[in-house]
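Since every read-out is calculated from the coordinates, none of them should be taken as a lab result. Just so you know, these numbers come straight off a predicted model, no measurement behind them. As a convention, Cβ positions derive from the backbone with ideal geometry for all residues, glycine included, and neighbour counts pool all protein chains shown.
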Amino acid sequence: MYKRMKLDGVARIEPNQMGKPLENAVEVALRNKYEAVVDKTLGTIVAILGVDTIGDGHILAGDGSVYYEVNFDAIVFKPEMQEIMEGEVVEIVKFGAFLSLGPFDGLLHVSQITNEYISYDEKNARLVSKESDKSLGEGDHVRARIIAVSLNEKEPRESKIGLTMRQTGLGKIEWIEAVRKSEQHSAEVGAAE
């Protein structure tokens, strides 16, 4: 889930940045220090929107930089358990599909795609069901529920998000639309009788 937050931090302004407008230098320092950082409690800081307040500067002995305590606006993304997300399939592998979910990729294991048996079509890089014509490939848009979250602050690429589509209202967007149209048609036929 994306959230706009007010955060506190420290901006380190290096000597070569002195003389530039302070707010601009602080904003650049905040972007360099905080953007794309993973924090288990906050999630990932996606963007620094602006600086609200800048405190007094402090100089440390032996360091030519000036340190400012700042309050700033940021956009953060934190995947929440049971949250329903829409994403695009970015990779198909034998054991499932990887979905792009904001700054992270989530894994949709083959056992969590449908209640049907799913096989891997290596030639076409698709996951295909045996009973129906359902298939999943790169570029497909899906709606899934988050069932596992493990954020790794030290190695953000090692963060893991587990997903499922085995519930009503979830799946490839085309599958969801087909079910909705079928239910709508059944309701119209029922009303006409």
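Here is how the numbers come out for the structure above:
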{"read-out": "The chain: angle of helix 22-34 to the longest principal axis, Cα-based, in degrees nearest 10", "value": "50 degrees"}
{"read-out": "Three semi-axes of the equivalent ellipsoid, the range 84-188, Cα gyration tensor, whole Å, largest first", "value": "25, 17, 11"}
{"read-out": "Choice from Arg145, Arg180, Arg166 showing the highest fluctuation, given a GNM over the chain with Cα pairs closer than 10 Å", "value": "Arg180"}
{"read-out": "0 to 90° range, to nearest 10: angle between helix 173-192 axis and the chain longest Cα axis", "value": "50 degrees"}
{"read-out": "The chain, relative contact order [Cα under 8 Å, separation at least 6], %", "value": "18 percent"}
{"read-out": "Estimated 222 nm signal from helices in the chain, with DSSP H stretches of n ≥ 4 weighted -39500 (n - 2.57), rounded to 500", "value": "-5500 deg cm²/dmol"}
{"read-out": "Shape of the chain, Cα gyration tensor, a/c cut at 1.5", "value": "prolate"}
{"read-out": "Relative packing of peptides 169-178, 42-51 - highest average C-beta neighbours within 10 Å first", "value": "42-51, 169-178"}
{"read-out": "Under 5 Å, built H, 5+ apart or other chain: amide partners of Ser159", "value": "Asn152"}
{"read-out": "The range 1-65 versus the range 138-157: alpha-carbon centroid distance in Å", "value": "27 Å"}
{"read-out": "The range 62-108: GluC sites (Glu not before Pro) in DSSP coil with no more than 16 other Cβ atoms inside 10 Å", "value": "Glu80, Glu83"}
{"read-out": "Top of Ser135, Ser150, Ser182 by mean-square fluctuation, Gaussian network on the chain, Cα under 10 Å", "value": "Ser182"}
{"read-out": "Net +/- balance of residues flanking Val51 in space, Cβ distance below 10 Å, scoring K and R +1, D and E -1", "value": "-4"}
{"read-out": "Listed residues Val66, Val90, Val38, most fluctuating in the chain (Gaussian network, C-alpha, under 10 Å)", "value": "Val66"}
